1. So which of 89, 93 ends up being of a type in the set (Asp, Glu), farther than 25 Å from residue 44 by Cα, touching a Ser or Thr at 6+ places or on another chain (Cβ under 6 Å) and assigned to a helix (DSSP H, G or I)?
2. Just name the residue that is farthest from the chain's Cα centre (by Cα) out of those in region 217-243 that are more than 21 Å from residue 58 (Cα to Cα) and part of a helix (DSSP H, G or I).
3. Which one of 187, 200 is part of a helix (DSSP H, G or I) and either touching a Leu at 6+ places or on another chain (Cβ under 7 Å) or at pLDDT 85 or above (or both)?
4. Give me the residue from region 14-45 that is closer than 18 Å to residue 68 by Cβ, aliphatic (A, V, I, L, M) and touching a residue at least 40 places away in the same chain (Cβ under 8 Å) and, out of that set, surrounded by the fewest Cβ atoms within 10 Å (Cβ to Cβ).
5. Yes or no: region 55-74 includes at least one residue that is closer than 24 Å to residue 215 by Cβ and in contact with a Lys or Arg (Cβ under 7 Å, 6 or more places away or on another chain).
6. What are the residues in region 106-158 that are polar (S, T, N, Q) and at pLDDT below 90, if any?
7. Within the group 77, 102, 98, 71, which residue is in a helix (DSSP H, G or I) and modelled with pLDDT under 85?
8. Cβ contacts < 6 Å: first residue closer than 15 Å to residue 176 by Cα, restricted to region 187-214; second residue surrounded by fewer than 16 Cβ atoms within 10 Å (Cβ to Cβ) and at pLDDT 70 or above, any location; separation 6+ or different chain. Result?
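The values are calculated or read from the model by the stated rules, or taken from the named source; none is laboratory data. Small disclaimer: the values here were computed from a predicted structure and weren't measured. Virtual Cβ from ideal backbone geometry, glycine too; neighbours counted across all protein chains shown.
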Amino acid sequence: MPLDAMNLSSEVGPVFWGFLISTCLYGIALCQGFMYFVNFPKDSALVRTMVALLLILITASTVLMGQCFNFYVIVNFGNTQALATLPGEFSAELVCTFTTTFIGQLFFARQVHVFRKTAWHLSVLITALSVVGFGFGTALCAELIMHGTTLTSTTVIKITASISLSANLLSNIIASGALCTLLTTSKKDVFSSTNGVLTKLTIYTLTRGLLVAFVQAGFLVTYVAGPDEIWWVPLHLILSKVYVNSLRQSPMLSTLILTHSLTCLIQLLA
């Protein structure tokens, strides 16, 4: 086929649009990261380190995916056989995404524990599912890097990827549901002036959980339904950026946890 008549819309088009949306979300995350460090200079070193690490990971993810596009549409321009190969940069990008998801879920597991220490079993469950998702994701990336396989090459690869995605989805659903439940039941423990903040934060936590779950579920369903297709790739590309952007509630949630603890102490002393 002459090069001037070649149409790669079905092969590269969805990936291009996924990368475009992902890059926009990356820009938003950078702005939010900058505002976080400016507005919360006294936040704990642990949270600040987490935010910095997440920004580094999504930066690496964006750069690596850009290099993948360079491999397909510049280095191998006109070579349709290259579309069947998986460059090492994509495997490295998977590592960044799985790590970002893992850190995000550990953060919410910690928030559940800090907010209500009696709900430690939920924190353990969220952490356990996160470890499973990260573990299988790491195993998947190692297989791809060492053997140069693709995500559709073997049944083992497909099962490993599906388990990782399922565990991460379930972990997010439990974390979001637990935080919403704890925030709702905490209304009776605080002053009436705080209830408005609790209601807004509950709605925000719910919408955040639904958004991330929607992307994760879409990623899982499209991959399981058609691992040989590329329709799951755009959802994969935006997943880590959605996670980072959804963590912008961390300063507000940390402040609310402190308010909740102090208020309960004041009511106890009264």
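1. Numbers: 89 fails: touching a Ser or Thr at 6+ places or on another chain (Cβ under 6 Å).
Answer to the check: 93.
2. Step by step, filter region 217-243, then rank; the result is 225.
3. Numbers: 200 fails: either touching a Leu at 6+ places or on another chain (Cβ under 7 Å) or at pLDDT 85 or above (or both).
Answer to the selection: 187.
4. Filtering region 14-45 for residues that are closer than 18 Å to residue 68 by Cβ, aliphatic (A, V, I, L, M) and touching a residue at least 40 places away in the same chain (Cβ under 8 Å), the one surrounded by the fewest Cβ atoms within 10 Å (Cβ to Cβ) comes out as 21.
5. Here is the first cut: in region 55-74, the residues closer than 24 Å to residue 215 by Cβ are 55-69, 72.
Still in the list and also in contact with a Lys or Arg (Cβ under 7 Å, 6 or more places away or on another chain): 58.
Yes, some residue in region 55-74 is closer than 24 Å to residue 215 by Cβ and in contact with a Lys or Arg (Cβ under 7 Å, 6 or more places away or on another chain).
6. Initially, region 106-158 is screened for residues polar (S, T, N, Q), giving 111, 118, 123, 127, 130, 138, 149-150, 152-155.
Hits for region 106-158 are 111, 118, 149, 150, 152, 153, 154, 155.
7. Working: 77 fails: in a helix (DSSP H, G or I); 102 fails: modelled with pLDDT under 85; 98 fails: modelled with pLDDT under 85.
Result of the check over 77, 102, 98, 71: 71.
8. 202/184
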